[in-house]
Amino acid sequence: MNSPATPENEYEPEIFYENNSIAGILTPKVETPLVEAPVESQVDAPIEPEVETPKPDIVRYEGRVDYFDLNSTINGWALNLNDSDAPVVLEFWADSMLLGTCETSLPRPDVLNAFKCSGLPGYAFEGETLAKARSYQEINPEVVFAVRPENSGFTLKFTNSTQPAETPETFQEEPETGADLALMGRLSALEGEAHSLYGIPVRADSCVGFIEAIARDENNLIWVIGWMQRDDLVDRPVIIQDDAKYAAGLAYTLFTRPDLPPEAAGFVGVLQTDWQPSTDTAPIFFIQIGTGRHLRAVNPINIVPKTTLISYARPHWQSAKSKHNLGLQHLVANSQSWDILPEDYSPERMAVEDVQVIAKFGCFVTGWAVSPTKKLDTLHLRAGQTVMSCDPAVITFKPRPDLSSVLPNGDDVLQRAGFSAFFEGDIEDTDINDLRLKIVYNDRTALNFQISPKQVRKISHSGGATRLQTIYPTIMAEPFFPRMAKALRRLDKQRARTITVLQAQTAAHAVVFATPRSQSDIFLMFAGIREHVNSLPNDTGIVILASSDEFRATAVFHFNELKRCTDHPVSLVFVEDVRLASYAVPAVLEKHVQAKTFAYVASGTHLSAAGWRAVSQAREGLTFFDVGNPVQPTAAGEASFSCFAWNVVGIKAYLDRTDTPAGGLESLPPASKLLTLARRVPGAASALFFPSPSPLLHAINSRFES
Amino acid sequence: MKKPKSTAKFTSQTVPNSAVAKPAVTNLPISVQTAPVQIETAQIEPVQIEPVQIEPVQIEPVQTGPASPVTVHSGPVMTAPDAPATEPRPKPKASQRIAVVSHSHPSISKGGAEIAAYTLFHGLRRLGYDAVFIGACQQSQRGKIELGPNEYALYYDPHIYDHFYHLASGEVGIQLMTLIRELDIDLLNFHHFFNMGLAAFKEAAQEASVVFTIHEFLSICHNHGQMITRPAQILCSASSPNACGACFPEYSSQQFALRKQNFLDSLTLADAFVSPSHFLADRFVAWGLERDRMNVIENGLMHLHPPHLASHAENHIWKFGFFGQINPFKGVDIILQACELISKKPDLAAGIRILIHGNLIGQSDSFVKKFEDALEAYDFLSYLGAYNNSSVNSLMENCDYILMPSRWWENSPVVIQEAYAVKRPLICTGIGGMAEKVINNVSGLHFAFNDPADLMAVIEKGASASVHSALVNGIPAVLTADDMAREYLNVFKHIGASVAAAETDAVPAE
């Protein structure tokens, strides 16, 4: 959030231009102060000051009561907007009784910065004035205090946190929903106030309690538990004196602890601050700025996981007394929080059973969630620091009768307990170990689940995507499918870039074979190479692109035999998937073979004698070696990327600029434009099989032109 | 007779196969081998020309012709030619050397093909021809192979063999080529491509004249060459890529088409084919081999003895013997089913005995139990266990009929020749090579395929002295090894005739 409040960084105060100036005229200003408006102010959107012609004979004031504590100080700031350098005499009123006056004379650089003016606008009522006020309050508990400039009808507005104390019994409970948001807003306001009080000297002369444990949560909130003397406040601005001074907002709830005297109470609360707890320091928490009243942390600081702290506090929620009670509870299970709570914290249960990740695209999460009372609203996934939201339109619910032991007598709930959801976004490999799923319920509470890496599967190529059809049987019809298809096509091309060279020898022209995917066809391929290799021109080499799969040993064996039977350059390079070998051709030939031209024979293709004669001659431009069906030897073959020749520059440029098909370059016929430009060699090759692409692969490749 | 041998042994020349005037083998690029140094350094399995340590039993001394350069090497031959064979070898020589090449050796395996090849080898030697025997042997069985004079082995690793396209390690081809060159082989008579692979066959066929003897349907049918469909086990009449793809869905019809194409590309390099049966020959001609190059020569038997003809008394117990491997294709289960029917005919059951000889191979547990139960149930059924091939004559002579209830076509099973050799008629399934070799009601009796009731009826019919006597009289003569060799020599001469003008000598006479 903000850096620690220091005089140097000229913190700007909260200034609300409200219609409470004496003349009912909004104060004009040259520039709008750069103010981080608290949430509460956002609800009542700041009113942009309207520029009106000022009336010179009317003195206009602005000011605030920032801190109000009859036991210590009442302070704030006030400005004569007609003459900021002129001190303002302020009166402190109790109902209609004037208790005392003071003059602005304290530095408030934040105010001066905000109003772009000069002067000493700070003030403080102390001493006898406050003693009078305490006496008056004892006699008149319903007293209304006010601070006004002398001889004016303008009343300085109290900053929210500085309202005079009310009795706990008069707390207004926060609404059922939004209590956490209200609390967050309050914390921001309190922290802002603390910033404004930053300049007040602090002196630790009155320890009124201890912080016994501290936990930091995912949202950089500091949770604290401990005890303190009761003073009827349940939130306050705090200055933390540690290695430096830090402003903080503190909200908490109090509960009775048997180990404490009646005038003290246990508390559990939350600090919003830039301060970072450390076991190496002994911070002091000034909870009544200007008075020396403070809390200390046990030494060394007891830093615990939030779950531990919450587990300790949870039994006290019911007996705790505070207007923030509900807000704190909601904040624990807040939809903004990614903390993992103890399993018994709430009756909601969930699990993630399967996560399928497609890099640079998103992931599919399958699991279940049951709640006896709440209805699932949305799902979010956090991967490292990236948070992705699920499109509610693509959530699929499924019955999970097998969860009846988790939620007995919850048949209706179990009908929709299973879910599958899609989250679009890039999940880095390093983030797979830190995946959390959040279920947000309709009451804005949430439940988080740490996903085990064991449940995560990466879909690294188009073939692996078929398992998504168990989640979305008609995935091709889903709105995200076009983007998914493009990601899968890109993945296939990227995947082919992973190559491992066993041996590479340079050759000007290369005949590149992707090894077939059956042992028999590998034997056939190498038998053909052995038979023809020595008939090739001397500058022609053989490059084998093989897979490190079950047939690796076969490929290596035959490659060694090939080396022994020829003096031609021979290379063996391993690729991740021979079906995608065509995508690896530029990298292999350019970096390792230094070939300028090549002929390529795909994994499912067998080169005929005519093809062998042609492969060494096809060195200019793109040439397609027609691939025929050996079952119908009289039928004409077809041009395809299963068997073709080109130059390395050409294929590289083509692959770089083209959205190529998933499953290998040969998965789609060449574009008609290419066919018109390329040469053809009939009868050059036979197909070892004609693959039947899965409907999914067909769909992945059907929405773009090669 | 011999083709001009390649002068491109270590070069990249293309040498036309001009020795045989047929389009299929002309202008074929010859496989180019690497330099000799590669053979020496390439860690290949050495081609071992074994020293003669064991004289083959019952083999007559070779009456070698005057120019028979039979050389017995005392150790493994590892050397390549001293210099690359860039020039034609000095020719002509007085006699042509013939290599009978088998996928195994009888000392390792006694299958019909290797026995037939070995018989031919000995027949040729007996006739004075300069023949050598080359048998393939698993590397792991080096210590078991027993090579006689003029016998050589090439070694293969069964793990490096593709049973679909029938391709072996390139090293097998190198060994074979080394043997051909070192032994100065002019004509190769392959009795199989199995274990050596088609690539080796192809290389050899470009180096020397080749006659290929077909022993079964493995080229046509991937199902162990049985031409029986999978899994229904129905007799198959003709292969096709789609039909074969249905039997083996793990392979595509395109792969089957390429398999056939690869077989034809290799086998058609042979100058002639020999089939021991017309049935087999016709199947291969229909499949794609040239009829003009096809010859039918029955397998001969190495050893023939005068048969013992028993007289049949009036209360003679008729003995029906089964000989062979008791595997799922041989139809012993049909015999068992027939036994059940026979048992319901007490008179018939009392007058016969059925004797089963052989090893149980590849049978299911349920069959074994069924077999054992039948042996227990039927007094007329006996299992006499495995037998040694040398005792098959006497065992057959103990029977009146030989049963051959095969479920597959068969080709020219040696059991038929062995039965004929001891003048025993056969009762066989009336299909394929069996129907051809056993003439119904002449040299034996047929029963309907897969019909145990008909088998019972035929057994009943055969249990008659008059029928038996008539059938014995109809049994044809059996070829000896010499007879077989003479028939083969005619084929060799025939293919040599076309090159006779270019060669100085034909096959040497004894």
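Annotations
- If you go through the stretch A:417-449 and keep only what is in a helix (DSSP H, G or I) and not acidic (Asp, Glu), you end up with A:THR430, A:ILE432, A:ASN433.
- Annotation for the stretch A:123-130: at least one member residue is under 20 Å from A:THR291 (Cα atoms) and in contact with a helix residue (DSSP H, G or I) (Cβ under 9 Å, 6 or more places away or on another chain).
- Condition met for A:ASN538 (within 12 Å of another protein chain (Cβ to nearest Cβ) and either surrounded by 21 or more Cβ atoms within 10 Å (Cβ to Cβ) or touching a residue at least 40 places away in the same chain (Cβ under 8 Å) (or both)): no
- Positions within the stretch A:502-518 being more than 14 Å from chain B (Cβ to nearest Cβ) and farther than 18 Å from A:ALA684 by Cβ, in sequence order: A:LEU502, A:GLN503, A:ALA504, A:GLN505, A:THR506, A:ALA507, A:ALA508
- Restricting the stretch A:231-253 to residues that are of a type in the set (A, V, I, L, M) and under 19 Å from A:SER206 (Cβ atoms), the residue that is surrounded by the most Cβ atoms within 10 Å (Cβ to Cβ) is A:ILE240.
- Unmet criterion (only one of (1) away from chain B (no Cβ under 14 Å); (2) crowded, with 23+ Cβ neighbours inside 10 Å; (3) of a type in the set (D, E, K, R)) for A:ASP521: (1)
- Checking each residue in the stretch B:121-164 for being within 14 Å of chain A (Cβ to nearest Cβ) and in contact with a strand residue (DSSP E or B) (Cβ under 9 Å, 6 or more places away or on another chain) picks out B:TYR156, B:ASP157, B:PRO158, B:ILE160, B:TYR161, B:ASP162.
- Checked against (1) closer than 18 Å to B:GLY135 by Cβ; (2) away from chain A (no Cβ under 14 Å), B:ILE174 passes all but a single condition, namely (2).
- In this entry, A:ALA685 passes the filter for residues that are surrounded by 22 or more Cβ atoms within 10 Å (Cβ to Cβ), within 14 Å of chain B (Cβ to nearest Cβ) and assigned to a strand (DSSP E or B).
- Condition check for A:LEU271: of a type in the set (A, V, I, L, M, F, W, C), at pLDDT 90 or above and within 20 Å of A:ALA182 (Cβ to Cβ): yes
- Taken over the stretch A:656-682, residues that are farther than 20 Å from A:LEU488 by Cα and part of a loop (DSSP other than H, G, I, E, B) amount to 2.
- Checklist (1) within 14 Å of another protein chain (Cβ to nearest Cβ); (2) of a type in the set (S, T, N, Q); (3) surrounded by fewer than 24 Cβ atoms within 10 Å (Cβ to Cβ) applied to A:THR605, failing item: (3)
- Across the stretch B:246-275, the number of residues qualifying as surrounded by fewer than 22 Cβ atoms within 10 Å (Cβ to Cβ), facing chain A (nearest Cβ under 9 Å), part of a loop (DSSP other than H, G, I, E, B) and of a type outside the set (Asp, Glu) comes to 1.
- Residue within the stretch B:183-190 that is touching a Phe, Trp or Tyr at 6+ places or on another chain (Cβ under 8 Å) and in a loop (DSSP other than H, G, I, E, B) present: yes
- Considering (1) in a loop (DSSP other than H, G, I, E, B); (2) at pLDDT 90 or above; (3) not polar (S, T, N, Q), the lone condition that A:TRP368 does not fulfil carries the number (1).
- Failed item, numbered, when A:SER571 is tested on (1) among the hydroxyl-bearing types (Ser, Thr, Tyr); (2) touching a Leu at 6+ places or on another chain (Cβ under 9 Å); (3) within 14 Å of chain B (Cβ to nearest Cβ); (4) touching a residue at least 24 places away in the same chain (Cβ under 8 Å): (3)
- For the residues B:PHE279, B:PHE273, B:PHE284, B:PHE329, the requirement of being closer than 17 Å to B:LEU403 by Cα and of a type in the set (Phe, Trp, Tyr) singles out B:PHE329.
- Here the stretch A:482-495 is the region considered, the condition is being buried (at least 18 other Cβ atoms within 10 Å of the Cβ) and of a type outside the set (Lys, Arg), and the residue that is farthest from A:PRO392 (Cα to Cα) is A:ASP492.
- In this structure, B:ASP483 qualifies as surrounded by fewer than 20 Cβ atoms within 10 Å (Cβ to Cβ) and at pLDDT 95 or above.
- Among the candidates B:ALA116, B:ALA99, B:ALA131, residue that is buried (at least 23 other Cβ atoms within 10 Å of the Cβ) and either within 21 Å of B:SER390 (Cβ to Cβ) or not aliphatic (A, V, I, L, M) (or both): B:ALA116
- Any helices (runs of 4 or more DSSP H) falling wholly within the stretch B:422-498 and containing at least 2 residues that are assigned by TED's automatic domain parsing to the domain that holds B:LEU395 and over 30 Å from B:ASP292 (Cβ atoms): B:452-462, B:465-473
- Selected residue [over 25 Å from B:PHE279 (Cβ atoms) and away from chain A (no Cβ under 14 Å)] from B:LEU167, B:LEU218, B:LEU183: B:LEU183
- Candidate set from the stretch A:554-568 (those that are more than 10 Å from chain B (Cβ to nearest Cβ) and out of contact with any Ser or Thr (no Cβ under 8 Å at 6 or more places or on another chain)); member that is farthest from A:ALA599 (Cα to Cα): A:VAL556
- Residue in the stretch A:694-703 that is within 14 Å of chain B (Cβ to nearest Cβ) and either part of a loop (DSSP other than H, G, I, E, B) or free of Cβ contacts under 8 Å to residues at least 60 places away in the same chain (or both) present: no
- Every test in (1) closer than 19 Å to A:GLN519 by Cα; (2) within 14 Å of another protein chain (Cβ to nearest Cβ) is passed by B:ALA204 save one, and that test is (1).
The values are calculated or read from the model by the stated rules, or taken from the named source; none is laboratory data. What you see is a predicted model; the values in this text were computed from it and never measured. Backbone-built Cβ (ideal geometry, glycine too); neighbour counts: all protein chains shown.
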